[in-house]
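What follows is one structure encoded as structure tokens, with my remarks underneath.
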Ligand code: NAI
Ligand code: MG
């Protein structure tokens, strides 16, 4: 029996995390969910964004499945997602981007993984207002954080038999910050002579990815570029409804989709549950439950390929619940 923290979150979060929970339960694996919530909805109810019980649960269980949390734009509180990643040193943000055969996307056979540095860069939250008419943000790059994300990416590449790693940077302009990040990745690369290091400047990377994503297998990059490239890559394989993710540290891991709280479709039973269901499969893999994880992945792929019970973002007419039920049916019959 695993004890896992479940954070439903805001917007579509409760709908999709509930779907993931049902799918996991259909596999027969025994999980004791510790359900605690953080975010705007909790704030409205309790006057606090992250109640202590959330921290206590995370620290006790060390593993969580989390829905998205809304962050106000241009004002208000700091992102809870960013704070949790920083507080628990969840330094690797791992986002696999994989085409699902049979879906109608511009590209077939895209198969790459983004390793985004998750604790610093421009997300350090240090912004100042030196005068009425100017603002500044401080980008922090440290050797320790850059080396550890580079090591995580290379270790993954070896484990998965990948031949190439692309480091994405802007060291031509940001010579000290991105320059340090690039140097750290080069240093780690020296220990892996069989893996080709592709050095790509971020603007060129955007073009390369939309022209020919097949030239990339693993991408390692800083926080902001990783955030942006994740959504771009999601677009290559059918959208944000399909792309899972993990925030992994040495001691604790939080699994969540790449997408946000999608206020435009929240509460309408319209959200695609696949991204969080695949995040749950990543979580099971992390726990060593590889067979169950595979079963969930195959069941989700089957639903998408059959095309009968898919949500609107994939061109279908089904609700979140109907798509989830179809995945559960496949789990029973696979
Ligand atoms: P978003 O990812 O929530 O939505 C972007 C677009 O993709 C919307 O049109 C939405 O309907 C669609 N979409 C997203 N997930 C979908 C799904 N599962 N099924 C079908 N369509 C889906 O990004 P947006 O609108 O920029 O951000 C909304 C809020 O989410 C913001 O407050 C933002 O800060 C927050 N956010 C939170 C994240 C997290 O908790 N990890 C990550 C990204 C954004
Ligand atoms: Mg993002």
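This table checks each residue for (1) within 14 Å of ligand 1 (Cβ to nearest atom); (2) buried (at least 16 other Cβ atoms within 10 Å of the Cβ).
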position: 40; (1), (2): yes, yes
position: 49; (1), (2): yes, yes
position: 61; (1), (2): no, yes
position: 66; (1), (2): yes, yes
position: 72; (1), (2): yes, no
position: 77; (1), (2): yes, no
position: 80; (1), (2): yes, yes
position: 84; (1), (2): yes, yes
position: 97; (1), (2): no, yes
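Those strands (runs of 3 or more DSSP E) of region 146-251 in which at least 1 residues are farther than 28 Å from residue 327 by Cβ and in contact (Cβ under 8 Å) with a residue 60 or more places away in the chain, considering only elements entirely within it, cover 164-169, 218-221. Candidates are the residues of region 239-267 that are more than 10 Å from ligand 1 (Cβ to nearest atom) and out of contact with any strand residue (DSSP E or B) (no Cβ under 8 Å at 6 or more places or on another chain); the one that is farthest from residue 162 (Cα to Cα) is 267.
When residue 34 is tested against (1) without any contact (Cβ under 8 Å) to a residue 60 or more places away in the chain; (2) more than 14 Å from ligand 1 (Cβ to nearest atom); (3) surrounded by 17 or more Cβ atoms within 10 Å (Cβ to Cβ); (4) assigned to a helix (DSSP H, G or I), only condition (4) is not met. The number of residues in region 279-326 being more than 21 Å from the chain's Cα centre (by Cα) and assigned to a loop (DSSP other than H, G, I, E, B) comes to 9. Only one of the listed residues (188, 200, 218) is surrounded by 17 or more Cβ atoms within 10 Å (Cβ to Cβ) and closer than 12 Å to residue 169 by Cβ. That residue is 200. Scan region 88-113 for residues that are touching a strand residue (DSSP E or B) at 6+ places or on another chain (Cβ under 8 Å) and at positive phi and the total you get is 0. Scan region 256-278 for residues that are in contact with a helix residue (DSSP H, G or I) (Cβ under 9 Å, 6 or more places away or on another chain), more than 15 Å from ligand 2 (Cβ to nearest atom), in a loop (DSSP other than H, G, I, E, B) and at negative phi and the total you get is 7.
Pairs are defined by a Cβ separation below 7 Å, a sequence spacing of at least 6 or placement on different chains, a first member in region 63-75 that is within 16 Å of residue 93 (Cα to Cα) and assigned to a loop (DSSP other than H, G, I, E, B), and a second member that is within 11 Å of ligand 1 (Cβ to nearest atom) and modelled with pLDDT under 85; no pair meets this definition. Looking at the structure I just gave you, is residue 124 without any contact (Cβ under 8 Å) to a residue 40 or more places away in the chain and more than 23 Å from the chain's Cα centre (by Cα)? Spelling it out, it is not the case that residue 124 is without any contact (Cβ under 8 Å) to a residue 40 or more places away in the chain and more than 23 Å from the chain's Cα centre (by Cα).
Every residue, every condition in (1) at pLDDT below 95; (2) farther than 30 Å from residue 229 by Cβ; (3) in a helix (DSSP H, G or I), yes or no:
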position	(1), (2), (3)
9	no, no, no
43	yes, yes, yes
56	no, yes, yes
89	no, no, no
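Set side by side, the residues 240, 197, 229 differ, and just one is more than 24 Å from residue 293 (Cβ to Cβ), within 16 Å of ligand 2 (Cβ to nearest atom) and either outside the structural domain of residue 274 (by TED's automatic domain parsing) or modelled with pLDDT of 95 or more (or both), which is 229. For region 202-220, the criterion of a residue being in contact with a strand residue (DSSP E or B) (Cβ under 7 Å, 6 or more places away or on another chain) and either within 15 Å of ligand 1 (Cβ to nearest atom) or assigned by TED's automatic domain parsing to the domain that holds residue 8 (or both) is satisfied by no position. For region 225-234: of the residues being farther than 12 Å from residue 115 by Cα and within 13 Å of ligand 1 (Cβ to nearest atom), which is surrounded by the most Cβ atoms within 10 Å (Cβ to Cβ)? My answer is 234. Can you find even one residue in region 305-325 that is over 23 Å from residue 108 (Cβ atoms) and more than 15 Å from ligand 1 (Cβ to nearest atom)? Yes, region 305-325 has at least one match. Restricting attention to region 10-40, the residues that are touching a strand residue (DSSP E or B) at 6+ places or on another chain (Cβ under 7 Å) and within 16 Å of ligand 2 (Cβ to nearest atom) add up to 0.
The values are calculated or read from the model by the stated rules, or taken from the named source; none is laboratory data. Given the structure is predicted, the values throughout are model-derived calculations rather than measurements. Don't worry about glycine lacking a Cβ; one is built from the backbone with ideal geometry, like all the others, and counts go over all protein chains shown.
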